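Right, one structure below, let's go through it.
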Amino acid sequence: MTSLKGLLFSQFATEGLNNLIAAMQSKYKPKKGRRFNHDNITYEISRPVLKDNSIEFEVSSKIPENEVENPDEMKNYFEEIKKLLNNASLPPASIEMENIVWDSKKETEKERDYVKCLYRYTLDDLFDTQTVMKQHEEKTASGNVADIPDTPSAFTTQGKLVLQMVREKIQNMGSENIEQLIQANDRVRSAISK
């Protein structure tokens, strides 16, 4: 059974990732849905899912097929991306190469290969009790409690601070995840173009 904490954290994780997508689409070329394009590679950030007391979401990028000529090169490209991401500061829980057959109008088939990274963060990793208590004390002492955005889901100042922290933390971690994938693609592409 899903806990109230899980439901609330999932809602605010969704807001955080939606904010991230809006930021990425304004920084890079926007595409439909939850996607954007940077340097001729399409990236996508999935919706978060609450699973086993954790928030999970996927970050993916299309493998640039016009630069990778055959299946062996495709596999090598993926393996290099995987190696870089596994050594990143926030490594994914899993990395897979996924082949998607896409047919938008039921007239043509387009086959695309993607690097798909699954990230998983436990609910307790999304906030820090000590920081919340410190912020609460500072806001109360300075009389700035009204500065905390109103959150209908929380009735206490501490609750509002926790949910605000969840939103910000998932947005920041998601941003780091997507930036690591962009950097990995840039490094692998520059290596194969030499």
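Listing for the model above:
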item	result
Given (i) 9, 38, 35, 13, 4, 1, 0; (ii) 8, 31, 30, 19, 9, 3, 0; (iii) 8, 26, 21, 15, 12, 9, 6, 2, 0, the label whose value is P(r) over Cα pairs in 10 Å bins from 0, in percent derived from this model	(ii)
Among Glu79, Glu138, Glu58: highest mean-square fluctuation, GNM of the chain, C-alpha pairs under 10 Å	Glu138
Value of relative contact order over the chain, rounded to a whole percent, pairs C-alpha under 8 Å and six or more apart	24 percent
Inter-probe distance in nm under a simple model that places probes 7 Å from Cα toward Cβ, at Lys134 and Glu96	4.0 nm
Two-site label geometry, Ser46 and Ala22: point separation in nm, points 7 Å out along Cα→Cβ	2.4 nm
Computed magnitude of the charge dipole of the chain (debye, nearest 20; Cβ of K, R +1, Cβ of D, E -1)	420 debye
Net lengthening on full extension, Ala141/Ala191 (0.36 nm per residue, minus Cα-Cα)	12.5 nm
Cα-based helix-to-principal-axis angle, 71-86 vs the chain, degrees rounded to 10	20 degrees
Helix 4-27 axis, angle to the chain major axis (alpha carbon atoms, nearest 10°)	50 degrees
Difference of contour (0.36 nm per residue) and Cα-Cα distance, Asn87 to Glu69	3.8 nm
Among Ala141, Ala88, Ala23, residue whose mean-square fluctuation peaks in a GNM of the chain (springs only between Cα atoms under 10 Å)	Ala141
Percent RCO, i.e. relative contact order, over segment 1-43, from Cα pairs under 8 Å lying at least 6 residues apart	19 percent
Within the chain, helix-based [θ] at 222 nm, where runs of 4 or more DSSP H residues each add -39,500 (n - 2.57), nearest 500	-16000 deg cm²/dmol
Cross-link pairs Lys29/Lys82; Lys27/Lys75; Lys116/Lys169; Lys5/Lys82; Lys31/Lys75; Lys51/Lys116 - those with Cα-Cα distance over 28 Å	Lys27/Lys75; Lys5/Lys82
Pairwise centroid distance, computed over Cα atoms, of segment 7-22 with segment 28-50, Å	15 Å
For segment 4-192, with +1 on Lys and Arg beta carbons and -1 on Asp and Glu, the positive-most of Leu84, Leu161, Pro48 along the dipole	Leu161
R0 of 30 Å, Cβ-Cβ distance Asn37-Leu118: FRET efficiency to nearest 0.05	0.85
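No value in this document is a laboratory result; all are computed from the given coordinates. Just so it is clear, the structure is predicted and the values come from calculations on it, not from any experiment. For neighbour counting, all protein chains shown are included, and Cβ atoms are generated from backbone atoms with ideal geometry for every residue, glycine included.
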